[in-house]
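The values are calculated or read from the model by the stated rules, or taken from the named source; none is laboratory data. Only a predicted model underlies this, so the values are computations on that prediction, with no experimental measurement involved. As a convention, Cβ positions derive from the backbone with ideal geometry for all residues, glycine included, and neighbour counts pool all protein chains shown. Just the protein is used for accessible areas: all its heavy atoms, side chains included, with ligands, DNA and RNA removed. Shrake-Rupley method; radii C 1.70, N 1.55, O 1.52, S 1.80 Å.
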Amino acid sequence: MTPLSFTFSRRNFLKSTGAAFVVAGSFPLAGRTQQNGAINPLRIPAQLEGRDEGGVQVYDLTMRKGISTFFEGYETETLGLNGDYLGPTLRMRDGETVRINVTNTIGETSTLHWHGMHLPAKMDGGPHQPIRDGETWSPEFTVKQKAAALWYHSHQMEKTAEHVWRGLAGMVWIDDAESDTIELPKTYGTDDLPLVLHDRRFASDGSMEYRAGMREMMMGMIGNVPLANGTVDPYFDATTEKLRLRILNGSNATFYYLGLDNDQPFTQVASDGGFLETPVEMTRLLLGPAERAEIVIDLEPGQVVSLRNISNALPFRFLEIRAAETLTPSPAIPARLTDIEWLKPEDAVVTRRFDMETRMGGMMGGGGNAHTINGKVMDMMRIDETVKMGDTEIWEIRNVSGMPHVWHMHDVQFQILDRNGKPPLANEMARKDAVTLRGGEVVRLIMRFEDYADPDTPFMYHCHILEHEDAGMMGQFVVV
Ligand code: C2O
Ligand code: CU
Ligand code: CU
């Protein structure tokens, strides 16, 4: 697999980092200057467990303004949930009924979407469930899915990119009977870490304002500083032989091509929607915006190894892992992790086709919208597709542009039937809710729409490059 080179081309990167940010000669903007040891302990988001109220697990989340210190001596205005930047890791269990009280205090309307969750459309937190400033929205639903590392983020119409950029995102981890007993590292913050990766563009005064001009609306908003869990240049002190990282590409628009600096192999055990059937050993992992991967890294006592974005144009370190001199033993990774019920193409009642298109002249030349799906831009009043509950369908997604896009759809976890007519990669043989398509690629997805019908409330499908989504590269489907 090759990195998405043009996203990372030296020219683009240098352009996007034109205003060099240097703090007292220490902090490196791009990886090439990250030559010394990492400087900050990795932040581990708090866990938020539900509190039992008459059999319902209740969570309280407050979206608020915050002040964050990313660089010593600099204060940065941010948004967060129950904190200054980003939010806690919600822990939920399959089969439980949950209610989340989401209170908005950010001074403007926003929403909170449960990315990757299978739930009723009214509980989805998309553009049709706005939460006005000062109000509380309390979706309630029963968790009906396999153990997985999902996430939540703002989904306010035309403001998603800005709200996520400023910090309105976090993870949701689902557990089930299978994940309870599986022999994988599972001690939160010790050998099982959430790792929200993204990049932000900082100005020399430490601010990270969201300013998307024409260029950003076209290519996506790319930062000049990589962060993990909101920490700049972090390290983690590992105490176990195996370390499980639940990685989310939480960036607005950047594709990460991850690897370890010594090229040692690691093992992917889960994708967007839960465990792979069998572990996949690899040395490189491509993650587009919104995609997740859980990987397990083997450590030697005393070893220092870094998780990096590997690219000739843009190498940088996301996380330095420092293994203790004595490590607690970890069990071997099971040879089989789960069983996936593979959907069969012959069971599909229909094939729908979606063209993801970017016209370079469009926005720049003032000739209308640049990013479209099937030639259309998002209209909240228009239902694009109507699906029957219980049906299995094939959705064929074509990227008819020259740049990569990320297809995401709400409500379901899909399976990839093929990519450009060929079988998907081993680590794509999984339940997924987001898939990267390079320019010109075609994927066929298969999914079954179950449990929740609502003719009046649509689910979204869209490109998860958030600037593209906000520009209208989004459509709506209802399940009836
Ligand atoms: Cu992660 Cu419609 O979103
Ligand atoms: Cu989503
Ligand atoms: Cu896109």
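Seen from all directions on average, region 149-307 presents a Cα convex hull projection of 10.5 nm².
What region 41-177 shows is 36 Å² of accessible area per residue, with the surface traced by a 1.4 Å probe over protein heavy atoms. In the chain the longest region clear of GluC sites (Glu not before Pro) that are loop-assigned by DSSP and have at most 14 other C-beta atoms within 10 Å covers 342-480.
Each of residue 352 and residue 400 was given a label point 7 Å from its Cα along the Cα-to-Cβ line. The distance between the two points is 1.7 nm. This model, with +1 at the C-beta of Lys and Arg and -1 at the C-beta of Asp and Glu, gives region 193-325 a dipole about its Cα centre of some 440 debye.
Under 1.5 on a/c is rounded, so check that first for region 290-415, then, if it is not, pick prolate when a/b is larger than b/c and oblate when it is not; a ≥ b ≥ c are the square roots of the alpha carbon gyration tensor eigenvalues. Taking the square roots of the gyration eigenvalues as a ≥ b ≥ c, region 290-415 is oblate. Dividing the summed helix terms, -39500 (n - 2.57) for each DSSP H run of n ≥ 4, by the number of residues in the chain produces a 222 nm estimate of -1500 deg cm²/dmol to the nearest 500.
The lysines whose alpha-carbon is closer than 21 Å to the alpha-carbon of residue 242, local same-chain residues fewer than 8 away aside, are 186.
Along the positive direction of the dipole of region 183-328 (beta-carbon charges: Lys, Arg +1; Asp, Glu -1; about the Cα centre), which of 302, 187, 212 reaches farthest? It is 212. Fully extending the segment from residue 379 to residue 177, taken as 0.36 nm per residue of separation minus the present Cα-Cα distance, adds 68.6 nm. Here the extension length gained between residue 214 and residue 237 equals 4.1 nm, from 0.36 nm per residue of separation less the Cα-Cα distance. Using a ≥ b ≥ c from the Cα gyration tensor of region 129-225 (square roots of the eigenvalues), is it rounded, prolate or oblate, where a/c under 1.5 gives rounded and otherwise the larger of a/b and b/c decides, a/b for prolate? Judged from the Cα gyration tensor, region 129-225 comes out oblate (a/c at least 1.5, b/c at or above a/b). If we count every other residue with Cβ under 15 angstrom of residue 115's Cβ, Lys/Arg +1 and Asp/Glu -1, where does the sum land? With Lys, Arg at +1 and Asp, Glu at -1, the neighbours total -2.
Spatial offset of region 407-480 relative to region 171-244 amounts to 23 Å, using the alpha carbon center of each. Between residue 283 and residue 456, the modelled label-to-label distance comes to 5.8 nm, taking each label 7 Å out from Cα in the direction of the beta carbon.
Are there trypsin sites (Lys or Arg not before Pro) in region 325-361 that DSSP marks as loop and that have at most 12 other Cβ atoms within 10 Å, and which are they? Those satisfying the criteria are 336. Using a 1.4 Å probe on the protein heavy atoms, what percent of the accessible area of region 41-177 belongs to carbon and sulfur? Here carbon and sulfur together make up 43 percent of the probe-accessible area. The slack in the chain from residue 326 to residue 418, taken as 0.36 nm per residue of separation less the alpha-carbon distance, amounts to 28.6 nm.
Taking the Cα centre of the chain as reference, the dipole from Cβ charges on Lys and Arg (+1) and Asp and Glu (-1) amounts to some 1460 debye. DSSP bridge analysis restricted to the chain gives an antiparallel fraction near 70%, rounded to the nearest 5. Separation of the alpha carbons by more than 22 angstrom is noted, of 65/144; 122/344; 376/422; 122/388; 144/388, for 65/144; 122/344; 376/422.
Loop-located chymotrypsin sites (Phe, Trp or Tyr not before Pro) across region 51-133 with a Cβ neighbour count of 14 or fewer within 10 Å are lacking, with loop assigned by DSSP. Translational diffusion coefficient, Stokes-Einstein: compute it for the chain using the Kirkwood radius over C-alpha pairs as Rh, at 20 °C and 1.002 mPa s, and state it as an integer in µm² s⁻¹. Translational D for this selection: 95 µm²/s. Model label points for residue 138 and residue 109, set 7 angstrom from Cα along the Cα-to-Cβ axis, are 2.3 nm apart. Relative to its residue count, region 345-479 spans a Cα convex hull of 98 Å³ per residue.
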